[in-house]
1. Return the total of residues in the range 112-161 being over 14 Å from Ile38 (Cβ atoms), surrounded by 14 or more Cβ atoms within 10 Å (Cβ to Cβ) and polar (S, T, N, Q).
2. Please determine whether any residue of the range 101-111 is surrounded by 17 or more Cβ atoms within 10 Å (Cβ to Cβ), in contact with a Gly (Cβ under 8 Å, 6 or more places away or on another chain) and in contact (Cβ under 8 Å) with a residue 40 or more places away in the chain.
3. Within the group Pro100, Pro53, Pro69, which residue is modelled with pLDDT under 95 and farther than 14 Å from His140 by Cβ?
4. Quick check on the range 42-93: of everything there that is open to solvent by 70 Å² or more (accessible area, probe 1.4 Å) and aromatic (Phe, Trp, Tyr), which residue is farthest from Ala119 (Cα to Cα)?
Amino acid sequence: MKPNRLLRSGWLALCLAAPAAFADGPVLATGQALYLPIYSHIWYGDLNRQGYPIKSAASALVSIRNTDPKTPIRVLSARYYSTDGKLLKDYMSGPRNVPPMGTYELYVERKESAGGSGANFVIVWQSAVPANAPLVEALHVDVHGSRGATFITRAQPIALDK
C-alpha cells in the first residue's frame with residue numbers, strides 16, 4: 001500500500017473510532033484525587049564507573065486548569081511526595097478557588113532535589129455541583145546553555161479511600 005493510502009486509511013479509522021470513544025461525553029464529577037508524576041531530576045547518558053547515569057536537576061511548573069466553562073472548582077490540597085513515598089511538603093496552606101476556565105499554578109524549584117525522579121503530587125479538588133475535571137499537568141524544564149530538556153506529565157485520577 002502506498003504511504004498516502006496508509007495515511008488516509010489510518011485517518012479514516014481514527015475518525016470512525018473517535019465518535020464511539022466520546023459518545024457518552026465528558027465525565028462530570030464533584031471531586032477527585034489526582035496523581036501527578038514529577039521529576040525533580042532526570043537521568044540520562046551512559047553509566048559512569050560507579051554504575052550511574054548523569055543526573056540533571058529540573059524545575060516543574062504544575063498547572064491546575066479548570067476546564068469547566070460555568071462551574072468554579074476548589075483545590076483542597078496539593079501534597080508533594082518523594083520517590084520513597086515520604087511527604088515532603090503540602091504546597092497549600094488552605095483551599096484555593098479556581099474560577100471557570102481559570103488556572104492555579106504551583107512551582108517546584110530546580111534546586112529541590114529531595115523528590116527524586118519518582119516524585120509526585122496528590123492533588124485533591126472538589127466542586128459544589130458536577131463539573132468537568134480539571135486538566136492537571138507539570139511542565140518540566142532543564143536548561144543549561146544550548147542544551148535543554150522540556151517535557152510534560154499529566155495527572156490521572158486515583159482512589160484515596162478504599
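The values are calculated or read from the model by the stated rules, or taken from the named source; none is laboratory data. Since this is a predicted model, take the numbers as computed values, not measurements. Note that we place each Cβ from the backbone using ideal geometry, even for glycine, and neighbour counts take in every protein chain shown. Each accessible area value is taken on the protein alone, full model and side chains, heavy atoms only, with ligands, DNA and RNA left out. Shrake-Rupley method; radii C 1.70, N 1.55, O 1.52, S 1.80 Å.
1. 3
2. Yes, because at least one residue in the range 101-111 is surrounded by 17 or more Cβ atoms within 10 Å (Cβ to Cβ), in contact with a Gly (Cβ under 8 Å, 6 or more places away or on another chain) and in contact (Cβ under 8 Å) with a residue 40 or more places away in the chain.
3. Details: Pro100 fails: modelled with pLDDT under 95; Pro69 fails: modelled with pLDDT under 95.
Every option except Pro53 fails the conditions.
4. Tyr52
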